[in-house]
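I have placed the structure first, in the form of structure tokens, so that the comments after it can refer back to it.
The values are calculated or read from the model by the stated rules, or taken from the named source; none is laboratory data. Model, not experiment: these values are computed from the prediction. So basically every Cβ, Gly included, is an ideal-geometry build from the backbone, and we count neighbours across all protein chains shown. Side chains are part of the model used for accessible areas, which takes the heavy atoms of the whole protein and leaves out ligands, DNA and RNA. Shrake-Rupley method; radii C 1.70, N 1.55, O 1.52, S 1.80 Å.
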Amino acid sequence: MTSSKIDSNSDNENHPNETFTGSLLDRVRIVLVNTSDCRNIGSAARAMKTMGLTDLVLVDPLELPNGQAQALSAGASDVLNGARIVKTLEDAISDCGLVVGTSARSRTLPWPMLEPRGCGEKLIKEANEYPVAIVFGRESSGLSNEELQLCHFHVQIPANPDYSSLNLAMAVQTLSYEVRTSFLVQENAQYANKVKSDDEEYPVIEETERFYSHFEQAMKKTGFITPNHPGLIMTKLRRLFNRARPDVKEIKMMRGILASIERAAKDKE
Ligand code: SAH
């Protein structure tokens, strides 16, 4: 991941697929995309720290955290200063096995949805395996459809339907609270170190993206996708595979199938 840090002294990088012995809360990443008002970044850092979260990633913020952001972060300047800054959303989540996108309104392309409570539960459960992330959008326009399509699930805080858009940091607070609640439930139940069976080992985003590129490449070779008129095929496939959530072995099998299709297409040439 190419990233810079506001304070280069702090280091909270997470690595997937290693035995994780730290706090699960350190593995729940908060990603803020293209934030325009850095005071919201300060307030989000404060919201995170109150709930025990530490991993903040800023995707191309329009304004770098300044004194006002520091002031609003109050005692959470450690979280703010430890924030990593990256160029794209993909950079921010490439090592994550589960990514949840937030949205204040329903989108034209329906996607698997989670309730805030279920979202907290799923994130904490899977944080045992790899880093997980919640992605928050721009103050003005939220997340783009392309960004939302990088996420496995979407979550919507069921606010007043006539006035459903929360302030960015307050949305961070609400969902971080749900993460904490689930963390406490799991900690009390002593489930934290439960190991999942092999067939439920999910790929991280980087692997899934390689699979989609392979799929697109193979479909171009067979002629199913016309390069000049790709239409919505890849978007619909992403939705299908997101819903099915293939595990590592299944992705490997799919890539083997794609390779055999490519070979067959080549033989016909
Ligand atoms: N005007 C934007 C809303 C931006 S609010 C729009 O129509 O999409 C800024 C961010 O706060 C959103 O991108 C989302 O990450 C979060 N947010 C605000 N209200 C939310 C809600 N009800 N549910 C989930 N996330 C919400």
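Report, by residue number, each residue of the range 219-256 that is surrounded by 12 or more Cβ atoms within 10 Å (Cβ to Cβ), farther than 30 Å from residue 114 by Cα and among the β-branched types (Val, Ile, Thr).
Residues satisfying the conditions are 222, 225.
Can you tell me how many residues within the range 257-269 are surrounded by 12 or more Cβ atoms within 10 Å (Cβ to Cβ) and outside any helix (DSSP H, G or I)?
Counting residues in the range 257-269 that are surrounded by 12 or more Cβ atoms within 10 Å (Cβ to Cβ) and outside any helix (DSSP H, G or I) gives 0.
Do the conditions hold for residue 204, that is, is it touching a Pro at 6+ places or on another chain (Cβ under 6 Å) and more than 30 Å from residue 37 (Cα to Cα)? If you could, list the steps in order and put the result at the bottom.
Details: touching a Pro at 6+ places or on another chain (Cβ under 6 Å): yes; more than 30 Å from residue 37 (Cα to Cα): yes.
Spelling it out, residue 204 is indeed touching a Pro at 6+ places or on another chain (Cβ under 6 Å) and more than 30 Å from residue 37 (Cα to Cα).
When you check residue 158 against the structure, is it part of a loop (DSSP other than H, G, I, E, B) and either without any contact (Cβ under 8 Å) to a residue 12 or more places away in the chain or open to solvent by less than 60 Å² (accessible area, probe 1.4 Å) (or both), yes or no?
Working: part of a loop (DSSP other than H, G, I, E, B): yes; either without any contact (Cβ under 8 Å) to a residue 12 or more places away in the chain or open to solvent by less than 60 Å² (accessible area, probe 1.4 Å) (or both): no.
In short, no.
Filter the range 129-143 down to residues that are over 14 Å from the mean Cα position of the chain (by Cα) and near the ligand (Cβ under 7 Å from one of its atoms) and give me whichever is most open to solvent (accessible area, probe 1.4 Å). Steps first, please.
We begin by selecting, within the range 129-143, every residue over 14 Å from the mean Cα position of the chain (by Cα); these are 129, 138-142.
Among the residues that remain, those that are also near the ligand (Cβ under 7 Å from one of its atoms) are: 138-142.
On the way: 138: 51, 139: 68, 140: 109, 141: 60, 142: 21 Å².
Looking at residues that are over 14 Å from the mean Cα position of the chain (by Cα) and near the ligand (Cβ under 7 Å from one of its atoms), I get 140.
Given the options 209, 146, 216, name the one that is within 15 Å of the ligand (Cβ to nearest atom) and either surrounded by 20 or more Cβ atoms within 10 Å (Cβ to Cβ) or assigned to a helix (DSSP H, G or I) (or both).
Values: 209 fails: within 15 Å of the ligand (Cβ to nearest atom); 216 fails: within 15 Å of the ligand (Cβ to nearest atom).
Of 209, 146, 216, the one residue that is within 15 Å of the ligand (Cβ to nearest atom) and either surrounded by 20 or more Cβ atoms within 10 Å (Cβ to Cβ) or assigned to a helix (DSSP H, G or I) (or both) is 146.
Among the residues of the range 71-126, write down those that are open to solvent by 30 Å² or more (accessible area, probe 1.4 Å), farther than 17 Å from residue 176 by Cα, more than 16 Å from the ligand (Cβ to nearest atom) and basic (Lys, Arg).
Hit for the range 71-126 is 87, nothing else.
Of all residues being aliphatic (A, V, I, L, M) and not in a helix (DSSP H, G or I) in the range 119-143, which is farthest from residue 239 (Cα to Cα)? Just the residue, please.
In the first step, residues of the range 119-143 are kept if they are aliphatic (A, V, I, L, M); the result is 123-124, 127, 132-135, 143.
Right, trim to not in a helix (DSSP H, G or I) and you get 127, 132-135, 143.
Values: 127: 23, 132: 19, 133: 18, 134: 18, 135: 18, 143: 17 Å.
Among those that are aliphatic (A, V, I, L, M) and not in a helix (DSSP H, G or I), it is 127.
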